[in-house]
1. Within segment 189-208, which residues are touching a residue at least 40 places away in the same chain (Cβ under 8 Å) and under 16 Å from the mean Cα position of the chain (by Cα)?
2. Would you be able to tell me the number of residues in segment 286-298 that are under 16 Å from Gly130 (Cβ atoms) and surrounded by fewer than 20 Cβ atoms within 10 Å (Cβ to Cβ)?
3. Identify all residues within segment 266-285 that are of a type in the set (S, T, N, Q) and open to solvent by less than 40 Å² (accessible area, probe 1.4 Å); write none if there are none.
4. Which one of these does Ile260 not meet: (1) in contact with a Phe, Trp or Tyr (Cβ under 6 Å, 6 or more places away or on another chain); (2) free of Cβ contacts under 8 Å to residues at least 24 places away in the same chain; (3) outside any strand (DSSP E or B)?
5. On the basis of being touching a Pro at 6+ places or on another chain (Cβ under 7 Å) and buried (at least 18 other Cβ atoms within 10 Å of the Cβ), does Gly196 make the cut?
6. Does segment 168-188 include one or more residues that are closer than 28 Å to Asn283 by Cβ and either open to solvent by 30 Å² or more (accessible area, probe 1.4 Å) or within 26 Å of the chain's Cα centre (by Cα) (or both)?
7. Could you look through segment 133-151, keep only residues that are part of a strand (DSSP E or B) and open to solvent by 60 Å² or more (accessible area, probe 1.4 Å), and pick out the one that is nearest to Phe54 (Cα to Cα)?
Amino acid sequence: MAQKTDTIYHVNKNVLTGDLKSLAYGVVAWKMDGMGTISLEEIKINTIISKKLFEIKLKNDAVYFGSLEASDTFRTVYIVTKQDKKLVNISDIVEIYPIKSSFWLKLSGDFSLGFNYSKGSDIGNLAYSGNINFRKKKAYFELAWDGNNTYQSDTLGSRKTDVTLAWQRLFKEGWSSQLSVGFNQNSELGLKERWGMNLMGLKDLSYNNWNRLYAGTGINLTHEIPYGGISEQNDVAGIFQIVWRVYKYNTPKIWVDSDISYLPYFTDSGRHRAVFNLNPKINLLSDNFKVGLKFYYTYDSKPPADAASTNDYGINFQLSYSLH
């Protein structure tokens, strides 16, 4: 099954033989001998043949595990499962991911790096971010990291670091659960260490061939260690989150990832935090290489006493590489 034996029938009657890597946001990643991995718009696909096992998600939130069989009806395909064979419109499919046996092939991810320096101020800024994803049936694991460090005259002036390990479990009708653990550090907000855990319920509000919008809510548990020898603190807070991911295939290809979180505290009266991230990117040479900007904003109404401010924000130019 590792051989390139999948077939796509194009709406203009062309036939492509290769390896179906995935379909997401209206674009198929398709690997061909001699050409490498190419991108093909979903609207140009008439039907598909593949005997491999896939996880297939539709617009109506239905999820199937099966192979793909060609249909004579224009712009349709059969999903073949162990129980039956279902005819669906190509336009109703929002995700196709292979169910692979190899641990390495189940991994995907993005890696970004940015650097700025000014001789006049002798200030340099190093920004890095990325994620590694691991996919199983109805389950999704993600390790994500994001750092932004400022240096002046060989001295570390400020530091911001975020690392999160998350697990999502897919249920019916667009619902899923998420358990995540994370580490945060922000010298601008007086935070030396924050260890936290989130337990959330998520719901897809919109998912089609150009965007995914989902919202979640749950409980946040944290243990904070401030700078300056201030006593450590344990807290419980609520969490409300909205995530929006947008993709535009037409040249130039554009990816926009954004999320906003709001945390009202239960154990620290009057305290609330907010986090906003925005990451637009365009393709560079191929879909594996992208350039873009990373903007973040963090607010804490009651940071530790030694904090320089109640908010922190930054923007960086980044070069990104996508794995698989």
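1. First pass over segment 189-208, keeping only residues touching a residue at least 40 places away in the same chain (Cβ under 8 Å): 189-191, 198, 200, 204, 207-208.
Those that are touching a residue at least 40 places away in the same chain (Cβ under 8 Å) and under 16 Å from the mean Cα position of the chain (by Cα): Asp204, Tyr207, Asn208.
2. Residues of segment 286-298 that are under 16 Å from Gly130 (Cβ atoms), as a first pass: 288-294, 296.
Filter once more, so that each one left must be surrounded by fewer than 20 Cβ atoms within 10 Å (Cβ to Cβ): 288-289, 291, 293.
Selection size over segment 286-298: 4.
3. Hits for segment 266-285 are Asn277, Asn279.
4. (3)
5. Working: touching a Pro at 6+ places or on another chain (Cβ under 7 Å): no; buried (at least 18 other Cβ atoms within 10 Å of the Cβ): yes.
Spelling it out, it is not the case that Gly196 is touching a Pro at 6+ places or on another chain (Cβ under 7 Å) and buried (at least 18 other Cβ atoms within 10 Å of the Cβ).
6. Just the residues of segment 168-188 that are closer than 28 Å to Asn283 by Cβ, to begin with: 168.
Filter once more, keeping what is either open to solvent by 30 Å² or more (accessible area, probe 1.4 Å) or within 26 Å of the chain's Cα centre (by Cα) (or both): 168.
Looking through segment 168-188, at least one residue is closer than 28 Å to Asn283 by Cβ and either open to solvent by 30 Å² or more (accessible area, probe 1.4 Å) or within 26 Å of the chain's Cα centre (by Cα) (or both).
7. Narrowing segment 133-151 to residues part of a strand (DSSP E or B): 133-136, 139-151.
Checking the rest, the ones that are also open to solvent by 60 Å² or more (accessible area, probe 1.4 Å) come to 136, 141, 143, 145, 151.
Working: Lys136: 10, Phe141: 17, Leu143: 23, Trp145: 29, Tyr151: 47 Å.
Ranking the qualifying residues of segment 133-151, first place goes to Lys136.
Let's see how each residue does on (1) within 20 Å of the chain's Cα centre (by Cα); (2) open to solvent by 50 Å² or more (accessible area, probe 1.4 Å); (3) without any contact (Cβ under 8 Å) to a residue 24 or more places away in the chain:
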residue: Ile38; (1), (2), (3): no, no, yes
residue: Lys52; (1), (2), (3): no, no, no
residue: Glu55; (1), (2), (3): yes, no, no
residue: Asn60; (1), (2), (3): no, yes, no
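The values are calculated or read from the model by the stated rules, or taken from the named source; none is laboratory data. It should be emphasised that the depicted structure is a prediction, and the values quoted were computed from it without experimental measurement. Using ideal geometry, Cβ is built from the backbone for each residue, glycine included, and neighbour counts are taken over all protein chains shown. In case anyone asks, the SASA skips ligands and DNA or RNA and just uses the protein heavy atoms, side chains included. Shrake-Rupley method; radii C 1.70, N 1.55, O 1.52, S 1.80 Å.
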